[in-house]
1. Which residue out of Leu232, Leu244, Leu218 is farther than 23 Å from Gly148 by Cβ and part of a loop (DSSP other than H, G, I, E, B)?
2. If you check Gly288 against the conditions, is it without any contact (Cβ under 8 Å) to a residue 24 or more places away in the chain, farther than 29 Å from Ile89 by Cβ and in contact with a helix residue (DSSP H, G or I) (Cβ under 8 Å, 6 or more places away or on another chain)?
3. Which of the residues spanning region 257-282 are part of a helix (DSSP H, G or I), in contact (Cβ under 8 Å) with a residue 40 or more places away in the chain and more than 18 Å from Ile167 (Cα to Cα)?
4. Looking at (1) under 29 Å from Val128 (Cα atoms); (2) at pLDDT 80 or above; (3) crowded, with 20+ Cβ neighbours inside 10 Å; (4) not hydroxyl-bearing (Ser, Thr, Tyr), find the lone condition where Trp293 falls short.
5. Step by step: first the residues of region 212-235, then only those that are closer than 16 Å to Leu42 by Cβ and among the small types (Gly, Ala, Ser), then the one that is surrounded by the most Cβ atoms within 10 Å (Cβ to Cβ). Which residue is that?
6. Just to be sure I understand the filter: pairs with C-beta atoms under 6 Å, separated by 6 or more residues or on different chains, first member in region 100-113 and at negative phi and surrounded by 24 or more Cβ atoms within 10 Å (Cβ to Cβ), second member outside any helix (DSSP H, G or I) and of a type outside the set (Ser, Thr, Tyr). Which pairs pass?
7. Can you pull out the residues in region 23-78 that are within 22 Å of Gly187 (Cβ to Cβ) and among the charged types (D, E, K, R)?
8. Restricting to region 213-227, count the residues that are out of contact with any helix residue (DSSP H, G or I) (no Cβ under 8 Å at 6 or more places or on another chain) and either within 21 Å of Leu61 (Cα to Cα) or of a type in the set (A, V, I, L, M) (or both).
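The values are calculated or read from the model by the stated rules, or taken from the named source; none is laboratory data. Just so we're clear, the structure is a prediction, and the values are computed from it rather than from any experiment. Glycine also receives a Cβ, built like all others from the backbone with ideal geometry; neighbour counts cover every protein chain displayed.
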Amino acid sequence: MPPAVTVPTSTASPSDGLPMGRGLLFGIAAYALWGVLPLFFLLLRPATAFEIVAWRIVLSLIFCVLLLTVTRGWPALMVIVRDRRTTLILGGAGLLILVNWLVYVYATLSGHVVEAALGYFTNPIVTVLLGVIVLRERLRPLQWVAIGVTVVAVLILALNYGQFPFIALALAFSFGFYGLVKKQVGGRVDAVSGLTIETAWLTIPATVMLVVLGASGLLTIGTESVLQTVALLFAGVVTAVPLLFFAAAARRLPLTYLGLTQYLAPILQFLIGVFVLQEAMPAARWWGFGLVWIALIILTIDMFRSQRATQSAVSKR
């Protein structure tokens, strides 16, 4: 699943001196890698979600430390660490992403990849809704329509499919609140420093999880196949590389284009769930997904209209 990532408020343009074509490739690469994560997590079985996430945290921290050393990023990190408020905010963000990671890996291992995809399809609408509830933002009419359509979709999935989409909503809201928390630090924190601090906060609970699993005889690393062990050891790289691609894309792409590329990840997750893992797709689930896709189309149209109106207003000044 898409890890700790929030869409920046930057509206970079080709005039900023950074090639948009390369930015688009970085964006596609990031979301494509996040989209195929279910296949990677399935390689890690019989490891539990707790073991996978714990190793992901510890190994991500190690990878980030090496990356900071190679790129000489320690001075920038120390500036952030000295800011107690920013460090605490990143700790809160880490807790939210911990919930998101645990739910997502559990969804993958338990055969709910399609529902997880629904969560990430729903996330942009949930983010808009949280903006109203938490930040008291005023919505445009089309945004209200998108939220209304999404509510209907959730009701259809809950009533007709016979199962409330707890996983999808847990993913959407945990990632939505993560975005709100990260918004408090704005552009002051780069991708590598942010991931380093967040995973550093989580290293203690991750270590506790590994110790408990080891004491219970449930730790699988080194006890299964060579492939499973190697895959677990690469969990940190798999976490960090797409994030770095995303950061490179965010510097080169306007917000509108970056926002559109985010749909690639849940599309790939959906396709993997339906056509590779053969998860059930009864009529009610198709209707629910269809309504969510309609809501996303409405939200995208509104995004383009809003950006066009803003650019027009600026050009008239």
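1. Of the residues listed, the single one that is farther than 23 Å from Gly148 by Cβ and part of a loop (DSSP other than H, G, I, E, B) is Leu218.
2. no
3. Correct list: Tyr257, Leu258, Gly259, Leu260, Thr261, Leu264, Val276.
4. The number of the failed condition is (3).
5. By that ranking, first place goes to Ala235.
6. Tyr104/Met1; Val113/Leu277
7. The one that is within 22 Å of Gly187 (Cβ to Cβ) and among the charged types (D, E, K, R): Arg72.
8. Number of matching residues: 3.
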